[in-house]
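Novice: Can you keep this structure in mind? I'll have questions shortly.
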Amino acid sequence: MAIIAVPQLSDNFAYLVIDDDSRECGVVDCAEAAKVLEEVKRQRVNLTTVLSTHWHYDHVGGNKDLLAAMPGLKIYGARAENGRIPGLTNPIDDGDEVRVGNLRARAIGIPAHTNGHVAYYFPTLRAVFSGDTLFIAGCGRLFEGGAATMVQSLGKLAALPDDTKVYCGHEYTVKNLEFALTLEPHNRALADKYQWAVRQRGEGKWTVPSTIGEEKQFNPFLRTDSPELRASVARIAPGLSDRVAIFAKVRELKDHY
Ligand code: FE
Ligand code: ZN
């Protein structure tokens, strides 16, 4: 089994998920069908499934072209986003199982960036595809849900085993880490990750995946209990104490960073 990142547009990722036994493959999100189909051909696999995380065009803009190229394709996505996800054939709800060959994934409903946003968790691959909800050292903007909803959604992902690899929708890592450092300048894991990410990008490499365990060490949106982060927030907005309020403030600061 293999997971292969396929760059899309300027900073998006599509991911091929390959089941070695059946040589079946699924693609998580697709903006540009041609690039995905090229990689499918190179891997000599049979693309059967699309797993859409949410309706934004940079994640589903290639669905129609994929469907035209392979008419039997199954396209999964949130029932709540039916009508907005092009070509949706298999609407799903939180907790539903989806299959790629013999690989099984669980859809996890993680609304807030969009109302129906889902993650796909493959326990046997120890991998989660988090779309635009959990980024490396960041999280998605609150377009269709509030801070409390996002905190809950991120909590579902943070509850996965620490060694779960996180494959997110965009290469935003360096910027995210720069922002995180403004709140936790003394966080060693954060500083180390920043150095690593800058080096990695300098060599033309991607920063995906991270792991859930790592994210807990440096992602400011999962660190609303950190004393250093809280002190930094208190300097800007005194008097906030509950997690959701702290989260909302951090999200707002990031929006304007
Ligand atoms: Fe998005
Ligand atoms: Zn996106």
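The values are calculated or read from the model by the stated rules, or taken from the named source; none is laboratory data. Note that the coordinates shown come from a computational prediction; the quantities given were computed from them, not determined experimentally. Neighbour counts are summed over all protein chains in view; Cβ atoms, including those assigned to glycine, are modelled from backbone coordinates with ideal geometry. Ligands, DNA and RNA are stripped out before the accessible areas are found, and what is left, the full protein with its side chains, is counted by its heavy atoms. Shrake-Rupley method; radii C 1.70, N 1.55, O 1.52, S 1.80 Å.
Novice: For the chain, what does the helix formula give at 222 nm: sum of -39500 (n - 2.57) over DSSP H segments with n ≥ 4, over the residue count, nearest 500 deg cm²/dmol?
Specialist: Here the helix-only value at 222 nm equals -10500 deg cm²/dmol.
Novice: Give me D for region 171-214 in µm² s⁻¹, whole number, from Stokes-Einstein with Rh from the Kirkwood sum over alpha-carbon pairs, 4 °C and 1.567 mPa s.
Specialist: 121
Novice: OK, next. Roughly how many whole Å is it from the C-alpha centroid of region 63-83 to that of region 117-177?
Specialist: About 22 Å separates the Cα centre of region 63-83 from the one of region 117-177.
Novice: May I ask which residue of Leu222, Gln8, Gly72 lies farthest towards the positive end of the charge dipole of region 2-255, with charges of +1 (Lys, Arg) and -1 (Asp, Glu) on Cβ and the Cα centre as origin?
Specialist: Leu222
Novice: Could you work out Rg/(2.2 N^0.38 Å) for the chain, with Rg from alpha carbons only?
Specialist: 1.00
Novice: Let me know the shape class of region 1-105, please: from the alpha-carbon gyration tensor, a ≥ b ≥ c as square roots of the eigenvalues, rounded when a/c is under 1.5, otherwise prolate if a/b is greater than b/c, or oblate.
Specialist: Note, shape of region 1-105 comes out oblate.
Novice: Under Stokes-Einstein, with the Kirkwood radius over Cα pairs standing in for Rh, what whole-number D in µm²/s applies to region 40-150 at 20 °C and 1.002 mPa s?
Specialist: 148
Novice: Mind checking the angle between helix 227-236 and the chain's longest principal axis? C-alpha axes, 0 to 90 degrees, to the nearest 10.
Specialist: 70
Novice: Before I look further, what does the chain give for accessible area per residue, probe 1.4 Å, in whole square angstrom?
Specialist: 43
Novice: Ok, one more. Does anyone have the angle between helix 243-255 and the longest principal axis of the chain? Alpha-carbon axes, 0 to 90°, nearest 10?
Specialist: Helix 243-255 sits roughly 80 degrees off the main axis of the chain.
Novice: Please give every one of the lysines within straight-line cross-link reach of Lys193, meaning a C-alpha to C-alpha distance under 30 Å, and leave out same-chain neighbours fewer than 8 residues apart.
Specialist: Excluding near neighbours in sequence, the set is Lys35, Lys156, Lys165, Lys175, Lys205, Lys216, Lys249, Lys254.
Novice: Going by amide H atoms built from the backbone, whose H comes under 5 Å of the H on Val100, apart from near neighbours?
Specialist: Amide H neighbours of Val100: Ala105.
Novice: Out of Glu178, Glu38, Glu97, any idea which swings most in a Gaussian network model of the chain, alpha carbons joined below 10 Å?
Specialist: Glu38
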